[in-house]
Amino acid sequence: MKNLLFVLALVFAIGFTQTTQAQFLEKLKKKTEEKIKSEGEKRANKKVDEGVEKGYDEVEKGIENAGEESKDGKQDSTSNNKTTETTSSGNQDDVQFSSSSKYDFIPGDRVIFFDDFSQDAVGDFPALWTTNSAGEINTINIAPGNWFNLNSTDGNYFYLNDIAFPKNFIIEFDIVPKTKGGRIAAGLVLYGETKRKEMDNGVHPGNGGIMITIEKGYWNTMGYKAGETEKITGKSDVKPVVAEKVNHVIIWVQGRRVRIYHNQAKVLDMPTNIYDGVNLSRLSFRLYRGASSGSYISNLRITDAAPDMRSKLITEGKLVSYGIYFDVNKDVVKSESYGTIKEIAAVLTENPTVKIKIVGHTDSDGDDKSNLDLSKRRGASVKNVLVKDFGIDTARIETDGKGEGEPIAKNDSGVNKALNRRVEFIKL
């Protein structure tokens with residue numbers, strides 16, 4: 001009997017243990033599944049968060065590109081009416097200055113040409129231009145000011161007057177390519193002439209020149225010269241222009257060399273892209289039949305390049321610069337300013353006893369008080385870059401701003417207003 005009871009107790013104990021173990025394993029399995037599910041959700045959420053953050057980054061990049069219509073001053077007049085500039089200072093959302101060897105160009109102290117079409121009425125064809133096609137002045141919803149609408153897919157648009165291009169110059173402009181149509185946003189043609197012709201619609205106008213074709217996927221250049229059968233060509237797919245965005249294009253011509261900059265990059269560098277002996281004097285935009293979409297153009301500016309900053313600042317005691325770039329209404333120094341500020345820093349480093357004053361200036365568009373405040377903030381921003389990015393002693397630099405109070409030209413035209421929008425470096 002005792003043996004029977006012992007056997008029954010043993011069987012019960014084994015059964016209970018197995019049941020308990022099974023329950024424990026079941027609970028462990030459940031907890032493990034819950035843990036795996038939880039970790040999976042966390043990983044999934046992390047990926048969603050990363051995707052959202054990436055999306056925000058892409059949106060911000062798009063906004064940056066849309067705001068690339070910068071110049072060294074204000075270009076926000078949409079008509080002859082006076083407008084007031086916003087006085088808010090640069091905030092955390094502004095794109096901060098960053099050093100980049102890609103921006104190695106240095107605009108000079110002479111504005112050769114400027115046209116923002118502010119003198120033209122909306123709906124009219126610009127007074128200083130002519131064409132064999134359709135075009136008119138428009139406003140657009142993504143940027144201020146007047147814009148020259150190359151309103152066709154085939155045609156040539158000529159600036160009527162000759163331009164005294166030096167051997168070393170910088171031409172820059174804002175372009176908004178249209179979405180519909182062909183792959184080419186526009187072509188820029190700089191050429192020389194033996195005999196003056198108001199509109200030269202030939203395949204290769206004048207006696208020689210350089211064609212720069214701005215495509216939505218590529219940059220193409222072609223140097224040509226009368227009597228030469230071969231063309232000097234270049235091509236790049238680095239950071240092409242984006243449709244329905246403001247793209248700021250900068251072209252530096254240095255003798256025969258042609259360099260193109262866009263969206264914080266040097267997109268093309270051709271050491272010999274212009275034939276020797278070609279003297280440029282005319283400017284036109286070109287649309288190519290069956291391949292062009294048309295574009296909006298504004299803020300076209302030509303300056304000389306690479307001034308002797310050492311002589312201007314150290315010997316003459318004053319350097320006038322058109323190479324410091326800001327967005328409209330902002331005091332944040334843009335990356336395009338790198339070449340100019342780097343050279344000024346080099347002059348100060350080589351002359352350690354020299355002290356300077358940085359003075360910002362504006363044109364007369366906008367409220368006087370707002371312009372004065374903006375010019376002071378811009379002067380202070382340039383100092384901040386010299387101190388933080390190039391290690392110049394803060395005690396060596398004073399800043400000020402004169403607003404529209406000290407113009408160097410009458411504020412009666414686009415080119416004169418461009419002359420007044422400047423930053424001055426004065427030796428103390």
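The values are calculated or read from the model by the stated rules, or taken from the named source; none is laboratory data. Computed from a predicted model, the values in this text were never measured in an experiment. Cβ sites come from the backbone with ideal geometry, for glycine too, and all protein chains shown count toward neighbours. Quick note on the areas: whole protein, heavy atoms, side chains included, nothing else; ligands and nucleic acids left out. Shrake-Rupley method; radii C 1.70, N 1.55, O 1.52, S 1.80 Å.
How many percent of the accessible area of region 328-386 is carbon or sulfur, using a 1.4 Å probe?
In region 328-386, the share of accessible area belonging to carbon and sulfur is 50 percent.
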R0 of 45 Å, Cβ-Cβ distance Thr139-Ala226: FRET efficiency to nearest 0.05: 0.65
How many nm separate the modelled label positions at Val415 and Val203, each set 7 Å beyond the Cα in the direction of the Cβ? 3.4 nm
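Just to confirm the filter: which GluC sites (Glu not before Pro) across region 299-365 are DSSP coil and have at most 15 other Cβ within 10 angstrom of their Cβ?
Working: sites: Glu316, Glu336, Glu343, Glu350; in loops: Glu316.
Those satisfying the criteria are Glu316.
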Please compute the per residue accessible area over region 294-428 with all protein chains in place, 1.4 Å probe, rounded to a whole number of Å². 36 Å²
Compute the semi-axes of the equivalent ellipsoid of region 154-212, taking the square root of 5 times each eigenvalue of the Cα gyration tensor, and list them largest first in whole Å. 23, 16, 10
Return the distance in nm (one decimal) between the two label points of a simple spin-label model at Lys318 and Lys180, each offset 7 Å from Cα along Cα→Cβ. 5.3 nm
Separation in nanometres of the label points that stand 7 Å from Cα toward Cβ, at Asp276 and Val354: 3.6 nm
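Just how many pairs of Lys in region 171-279 have C-alpha atoms closer than 13 Å, counting pairs that are eight or more places apart or on different chains? Can you show the working numbers first?
Details: Lys178/Lys216; Lys178/Lys245; Lys180/Lys216; Lys216/Lys235; Lys216/Lys239; Lys216/Lys245; Lys235/Lys266; Lys239/Lys266.
So the count works out to 8.
Ignoring ligands, DNA and RNA, what percent of the accessible area of region 123-169 is carbon or sulfur (1.4 Å)? Present the calculation step by step, with values, prior to reporting the outcome.
Details: 850 of 1870 Å².
It is 46 percent, rounded to a whole number.
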Restricting to lysine pairs 8 or more places apart or on different chains, what number in region 337-428 have Cα atoms under 19 Å apart? 25
Within 10 Å of each candidate Cβ there may be at most 12 other Cβ atoms; applying that plus a DSSP loop requirement, which trypsin sites (Lys or Arg not before Pro) in region 324-412 survive? Lys410
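What is the percent carbon and sulfur in the accessible area of region 221-323, measuring with a 1.4 Å probe over the protein chains and ignoring ligands? Display every interim value, and only then the final one.
On the way: 1740 of 3910 Å².
Its accessible area is 44 percent carbon and sulfur atoms.
Within region 248-295, report the trypsin sites (Lys or Arg not before Pro) that DSSP leaves as loop and that have at most 10 other Cβ atoms within 10 Å. Walk me through the numbers on the way to the answer.
Values: sites: Arg256, Arg257, Arg259, Lys266, Arg282, Arg286, Arg289; in loops: Arg256, Arg289.
Sites meeting the loop and neighbour criteria: Arg289.
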